[in-house]
Amino acid sequence: MQTILLATRNQKKCAELQSILDAVEGQFCLLTVDAAPMSLPEVEEDGETFAENACKKAITLAAASGMLTLADDSGLCVDALDGAPGVRSARFAGEKSDDVANNALLLERLRDVEDRRAHFCCVLALAEPDGRCQTVSGVCKGTLRKEPSGTSGFGYDPLFVPDGFDCTFAELPQRDKHRISHRGHALQEALRVWVVNGTFQLY
């Protein structure tokens, strides 16, 4: 089994990525920063794009750990808010904010807005300890509800209704969400370009 460091402390994000990997061929184990057998630095996500943040996390932690490292940077981009919250999706309501606070602020900003179009974007970066890094991405388009619905998932999932569906990400069965989500699309692309003979490797 190939062990890959995942540049996050977010257990829900790790579980989602691991679940997608478990459904495909190959034996992969994602190791979060908290579970790593060495002390690893915090990485400030100060990039202006998802790709900048994903690459910074992957390159920094690959060098510090000596391990092949996968980093995910993703977020919700709302048309009526000029792409916000975007790269600040996890910190939309402040540095110490949580999903409830972020969703509440988003609904407040959209209180009198009729255009509810939005999309989720995910960029995955894979880095070797020598500094080499490559990225893939995935997008899922949809609209936003006026109140949360559903208990699965995390982040903005209770508000986001993907195109072609009438329920939110938080109401979809996990298998269906993984098939159409931004993270699912990005990971499928990652498997296509980075997995050779059952192992992740840069091309």
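Quick note: the coordinates plus some simple rules give every number you see, no bench work behind them. None of the values given here were measured: they were computed from a predicted structure. Positions of Cβ are backbone-derived with ideal geometry, glycine not excepted, and every protein chain shown enters the neighbour counts.
See the values below:
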| read-out | value |
| --- | --- |
| Spacing of the two label points (7 Å from each Cα toward its C-beta) at CYS29 and ASP112, in nm | 5.6 |
| Reduced Cα scattering model of the range 2-200, Debye log10 I(q)/I(0), q = 0.10, 0.15 Å⁻¹ | -0.40, -0.90 |
| Per-residue Cβ neighbour rank within 10 angstrom, fewest leading, VAL100, VAL161, VAL33 | VAL100, VAL161, VAL33 |
| Max mean-square fluctuation residue, GNM over the chain, Cα-Cα springs under 10 Å, options GLY164, GLY131, GLY83 | GLY164 |
| Extreme residue, positive dipole direction of the range 1-157, given options ALA84, THR8, VAL33 (C-beta unit charges) | ALA84 |
| Cα-centre dipole for the chain with unit charges at Cβ (Lys and Arg positive, Asp and Glu negative), debye to 20 | 280 |
| Area projected by the alpha carbon convex hull of the range 90-173, averaged over all directions, nm² | 7.3 |
| Nearest-0.05 FRET efficiency for THR49 and VAL193, computed from C-beta distance (R0 30 Å) | 0.90 |
| Equivalent ellipsoid dimensions for the range 82-135 as semi-axes, Å, which come from the Cα gyration tensor, largest first | 30, 15, 7 |
| Peptides 110-117, 68-75, 51-58, 142-149 ordered by average Cβ neighbours within 10 Å, highest first | 68-75, 51-58, 142-149, 110-117 |
| Label-point separation in nm, MET38 to SER19, each point 7 Å along Cα→Cβ | 3.2 |
